[in-house]
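Some notes on the structure that comes next.
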Amino acid sequence: MKISVSPTVPSAIATPLLVLAAASTGDEKTPSAELLAVDAQLLALAAPLLSGGDVTGKFAEAVWLLAPSGISAQRVLFIGAGKKASFGLPELRKLAGAAARAAKAKNIKEFTLVLPSGLDLSTAAVAATEGVVTGDFDVDVYRSERKDQSLLEVTLAIPQEADAKAVFMAVAEGAVLAESQNLTRELALEPGNKMTPTILANRAREMSEEAGLTCEIHGPGKIKELGMGAFWSVAQGSEEEPRLVVLRYEPEGAREDLVLGLVGKGITFDSGGISLKPGDGMEKMKYDMTGAATMIGAMRAIAMLRPKVRVLAVLCCTENMPDGKAQKPGDVQIAMNGKSIEVINTDAEGRLVLADGLCYARQLGATHLIDAATLTGAVVVALGYHNVGVFSNDDAMATEFLSAASREGEKMWRLPVEQDYFDHIRSEIADIKNTGGRWGGAITAAMFLKEFVADKPWVHLDVAGTAWMEEAKAWMPKGPSGVAVRSIVNYARHLAEQG
Ligand code: BES
Ligand code: MN
Ligand code: ZN
């Protein structure tokens, strides 16, 4: 999709579809709405719709107007922006996504979105671009009669006196972020037979070659040689070979004593292993590699936006399968840092692969750690499908990460990491065990990971409830969300500015 910027009076734009944001300004008793764009012709056109209550400004409401008179567009779409007083970048991002989805549904491949007034133009252009590009994502790639509904061109209309070059730079940035988020979604969408550890690693290499990162891929030999007993214990039961992937971004002039280490859970299919999952819903476990896909998306954006900070990513890619060679409940494994782990449940495999991934990221020089994983069903119980679970051993890093997430409009919520919870993962025969019982399951999983980060500031993201949208939204189809990619990139850029 091409995104262009046009400093033109909106009513003069010849386009198949002109999209305008309408915000609600009244309350329940006296509803009223207004357009978030100023142009006499458009105001005249919209006046009867606004006063007649056809356009209410209710969030994501879509009202079409065909063959409008007095302007050059063939159609107008009024998209609800919600309450004017609370309209901001997150609303704009979603509104732009809703516009893209509404256009695609009618097979309109080109439209012009008038950037709403009242926001900083460049940040608005970033958000609108992100919305349009993420809204353009298609999930039905395996339908044999699939029609390509991708958008061809979207134009952002800005005021005539605006600095079009600055806005265009903002568009380019928004496109990098959103395309990277879409790459994560594309990888997460693939079924287990089309996204094996080997394929996932190759996709990481492909991305690295395009974006200019270094990429190393290791197999079982190196995993065992490094002493990754926890990672290997998950991989040993699968016919598909595991892959350990390391991506490096080392910009010139960046501090050498500051390295952000990203670690991703890359379980390309989680059957549960010998502690086999119930059949109902097991197909969903194809997206158990979303953590690794998240880091691939984030590294792509980082490589293209070039913040002055070193970043490396460690991806632990394997299946979790039952087999004669698979690990058994009760087995004891030794992780890379020498800690012994009693495996109570082979379905708590994410923490096993991440344990070694975190150790390895430190060995490679990471000073700050972020991991992302579809780690626990318990985080879904705690936070539902609306917030990413955030865990950290460092208040300053957690606060900075949460600010980055809020700048990106990604909802995340911090849960405690406290020694009280550690008692639940004490083992009778080893240093720790890999499950902590039913209560506080997302937290005991985080306590387990904490054993492998040593003294490094660390943020753990449990995206089990947010990686996959179970319901379609006006701005996003059902399916992989790509959540956390933009927040991680934003945090890395913030670290670069501070460093
Ligand atoms: N991959 C699952 C967690 C998951 C659940 C991801 C729902 C996405 C949606 C993870 O490996 C797992 O099986 N966790 C177990 C841990 C338990 C055995 C301690 C769980 O949450 O049930
Ligand atoms: Mn599992
Ligand atoms: Zn899993």
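The values are calculated or read from the model by the stated rules, or taken from the named source; none is laboratory data. Since the structure is predicted, the reported quantities are computational estimates derived from the model, not experimental observations. For neighbour counting, all protein chains shown are included, and Cβ atoms are generated from backbone atoms with ideal geometry for every residue, glycine included.
Among the numbered conditions (1) buried (at least 16 other Cβ atoms within 10 Å of the Cβ); (2) under 17 Å from Ile3 (Cβ atoms); (3) not small (Gly, Ala, Ser), the only one that Glu91 does not meet is (2). Using the structure shown, decide if Val459 is buried (at least 19 other Cβ atoms within 10 Å of the Cβ) and either assigned to a loop (DSSP other than H, G, I, E, B) or modelled with pLDDT under 95 (or both). In short, no. Evaluation of Met321 against the conditions (1) buried (at least 20 other Cβ atoms within 10 Å of the Cβ); (2) more than 16 Å from ligand 1 (Cβ to nearest atom); (3) more than 20 Å from Lys456 (Cα to Cα) shows that the sole unmet condition is (2). For first residues located in the stretch 196-216 and in contact (Cβ under 8 Å) with a residue 12 or more places away in the chain and of a type in the set (Val, Ile, Thr), partners that are buried (at least 17 other Cβ atoms within 10 Å of the Cβ) and assigned to a helix (DSSP H, G or I) and lie 6+ apart or on another chain with Cβ distances below 9 Å form the pairs Thr214/Ser208.
Scanning the stretch 261-287 for residues that are in a loop (DSSP other than H, G, I, E, B) and more than 10 Å from ligand 3 (Cβ to nearest atom) turns up Ile274, Ser275, Leu276, Pro278, Gly279, Asp280, Gly281. One residue is enough: does the stretch 87-104 have a residue meeting the conditions at pLDDT below 95, hydrophobic (A, V, I, L, M, F, W, C) and assigned by TED's automatic domain parsing to the domain that holds Glu130? Within the stretch 87-104, not a single residue is at pLDDT below 95, hydrophobic (A, V, I, L, M, F, W, C) and assigned by TED's automatic domain parsing to the domain that holds Glu130.
Of the residues making up the stretch 346-366, those that are more than 20 Å from Thr214 (Cα to Cα), among the charged types (D, E, K, R) and more than 13 Å from ligand 1 (Cβ to nearest atom) number 1. Would you confirm, using the coordinates I've provided, whether Lys277 is out of contact with any Gly (no Cβ under 6 Å at 6 or more places or on another chain), within 16 Å of ligand 2 (Cβ to nearest atom) and not hydroxyl-bearing (Ser, Thr, Tyr)? Criteria met by Lys277.
Would you be able to say whether some residue in the stretch 308-317 is assigned to a loop (DSSP other than H, G, I, E, B) and either out of contact with any His (no Cβ under 7 Å at 6 or more places or on another chain) or assigned by TED's automatic domain parsing to the domain that holds Phe448 (or both)?
Taking the stretch 308-317 as the starting set, the residues that turn out to be assigned to a loop (DSSP other than H, G, I, E, B) are 308-309.
Within this subset, residues satisfying the condition of being either out of contact with any His (no Cβ under 7 Å at 6 or more places or on another chain) or assigned by TED's automatic domain parsing to the domain that holds Phe448 (or both) are 308-309.
Within the stretch 308-317, one or more residues are assigned to a loop (DSSP other than H, G, I, E, B) and either out of contact with any His (no Cβ under 7 Å at 6 or more places or on another chain) or assigned by TED's automatic domain parsing to the domain that holds Phe448 (or both).
Regarding the stretch 218-234, can at least one residue be identified that is within 13 Å of ligand 3 (Cβ to nearest atom) and either touching a helix residue (DSSP H, G or I) at 6+ places or on another chain (Cβ under 6 Å) or modelled with pLDDT of 95 or more (or both)? Scanning the stretch 218-234 turns up at least one residue that is within 13 Å of ligand 3 (Cβ to nearest atom) and either touching a helix residue (DSSP H, G or I) at 6+ places or on another chain (Cβ under 6 Å) or modelled with pLDDT of 95 or more (or both). Annotation: of all residues in the stretch 268-295 being more than 21 Å from Gly357 (Cβ to Cβ) and more than 10 Å from ligand 1 (Cβ to nearest atom), the one that is surrounded by the most Cβ atoms within 10 Å (Cβ to Cβ) is Ile274.
Only residues that are in contact (Cβ under 8 Å) with a residue 40 or more places away in the chain, surrounded by 20 or more Cβ atoms within 10 Å (Cβ to Cβ) and part of a loop (DSSP other than H, G, I, E, B) were counted across the stretch 418-439, and they come to 2. Is it fair to say Ala366 is part of a loop (DSSP other than H, G, I, E, B), within 14 Å of ligand 2 (Cβ to nearest atom) and modelled with pLDDT of 95 or more? No: the conditions fail for Ala366.
Residues checked against (1) closer than 16 Å to Gly261 by Cα; (2) within 16 Å of ligand 2 (Cβ to nearest atom):
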position	(1), (2)
Gly338	no, no
Ala355	yes, yes
Arg362	yes, no
Leu375	no, yes
Val380	no, yes
Asn387	no, no
Ser392	yes, no
Arg407	no, no
Ile429	no, no
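Strands (runs of 3 or more DSSP E) fully within the stretch 26-125 that include at least 2 residues being in contact (Cβ under 8 Å) with a residue 60 or more places away in the chain and farther than 18 Å from Gly174 by Cβ: 75-83.
Checked against the criteria, Val141 does not count as surrounded by 16 or more Cβ atoms within 10 Å (Cβ to Cβ), of a type outside the set (Gly, Ala, Ser) and not in a helix (DSSP H, G or I).
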